[in-house]
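Down below is the structure, laid out as structure tokens.
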Amino acid sequence: MSDSTEPKPNATESTPQPTAQHVLDVDDLSDDELAAVLSTAAEFKQAHHANEPHAVLPNRTLGMLFEKPSTRTRLSFETGMTQLGGHAVFLGPDATHLDHGEPIPDTARVLSRYVDAVMARVFDHGALETMAANATVPVVNGLSDDAHPCQTLADLFTIYEEFGGFDDVTAAWVGDGNNVAQSFAVGCAMAGIDLTMATPEGYEPDDDVLARAADRGTAPAVVNDPEEAVADADVVYTDVWVSMGQEDEREAKLGDFAGFQVNDDLLAGAPDAAVMHCLPAHRGEEISHDALESERAIVWEQAENRMHTQKALLAHLLGAV
């Protein structure tokens, strides 16, 4: 019979402290880790197309938090986890108490007891930082107002496939210096891709993003003339001008971005360039229908590659490769 005077275990004393690697932007990966993720993505894609199993995460669960909806993000992560032998749980904006009824740190701690990794698609990048600071499992940014690292991994992998590597590849970004552009700028610096970004005045990427790009390679050149940016480029990349949550800025932005559409006239300055777009596209705004449907467009490979690079990232973060 046990001595009733023995002290009871204190549950708070055994609470694990945050130790996991998080990917809130692409430069949370080292250069070697980036190369490893892209290499693993190639292996997973080849296996997928050959209908070969690559279930390296059996019985692992990914919690997917969505404040903002997305076709590609949900399908690519959910299908990807199935292919890896694991399971993904979708938690939409009305399915949790995230930041309305429960503080983000509490949500992060609870999720860490249930799932092996968290993917969060949010409005405020600060919410991700708070979650990562309190989670004991990897937190992956599925998109925030500042960054979209999962898209950049797919972009880099698509460029690697198209050109057989990154050596001597030049890229042009045309449009808004938004979250996708900012992660792409840092990713290009890490990969050694020569990037020029053309935005209307006032829409340039943040200075701290350019500084981070410089720290990991070479910062992109930033100009306000799309023709200057695309001249002889190997890749021309654009994204929507009006992002989700910015609908009230639509009319002003359409005026500010006049002349920045990726179309046949602009692409005449880069006759051999591949055309990229992270989707969804607003045809007739940032890109013409003809440019998106042309043989030079590699946007559908980009979309598929979201799944393979995310699988590789999760396998890396969970120690399966």
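Mind telling me which of the residues Thr107, Thr79, Thr136, Thr130 ends up being outside the structural domain of Gly177 (by TED's automatic domain parsing), in contact with a helix residue (DSSP H, G or I) (Cβ under 9 Å, 6 or more places away or on another chain) and assigned to a loop (DSSP other than H, G, I, E, B)?
Unique residue meeting the criteria: Thr136.
Quick grid of which residues meet (1) within 29 Å of Asp167 (Cα to Cα); (2) over 24 Å from the mean Cα position of the chain (by Cα):
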position: Glu227; (1), (2): yes, yes
position: Val230; (1), (2): yes, no
position: Val236; (1), (2): yes, no
position: Asp239; (1), (2): yes, no
position: Asp256; (1), (2): no, yes
position: Gly284; (1), (2): no, yes
position: His289; (1), (2): no, yes
position: Ile298; (1), (2): yes, no
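Which ones in segment 265-284 are in a strand (DSSP E or B) and of a type in the set (A, V, I, L, M)?
The answer is Ala274, Val275, Met276.
Here are the criteria: (1) without any contact (Cβ under 8 Å) to a residue 60 or more places away in the chain; (2) at positive phi. Tell me which single one Leu143 does not satisfy.
(1)
State all residues of segment 169-179 that are closer than 19 Å to Gln261 by Cα and touching a strand residue (DSSP E or B) at 6+ places or on another chain (Cβ under 7 Å); if no residue qualifies, say none.
If the condition is that a residue be closer than 19 Å to Gln261 by Cα and touching a strand residue (DSSP E or B) at 6+ places or on another chain (Cβ under 7 Å), then Ala171, Ala172, Trp173, Val174, Gly175, Gly177, Asn179 are the ones that fit.
Among the residues of segment 277-303, write down those that are touching a Ser or Thr at 6+ places or on another chain (Cβ under 7 Å) and either charged (D, E, K, R) or within 16 Å of Leu266 (Cα to Cα) (or both).
Correct list: His277, Glu286, Ile287, Glu301.
Of all the strands (runs of 3 or more DSSP E) wholly in segment 180-264, which have at least 1 residues that are of a type in the set (S, T, N, Q), touching a strand residue (DSSP E or B) at 6+ places or on another chain (Cβ under 8 Å) and under 24 Å from Glu295 (Cα atoms)?
194-198, 235-238
The values are calculated or read from the model by the stated rules, or taken from the named source; none is laboratory data. Computed from a prediction, not measured in an experiment: that's the story for all the values here. Cβ atoms come from the backbone with ideal geometry, glycine included; neighbour counts cover every protein chain shown.
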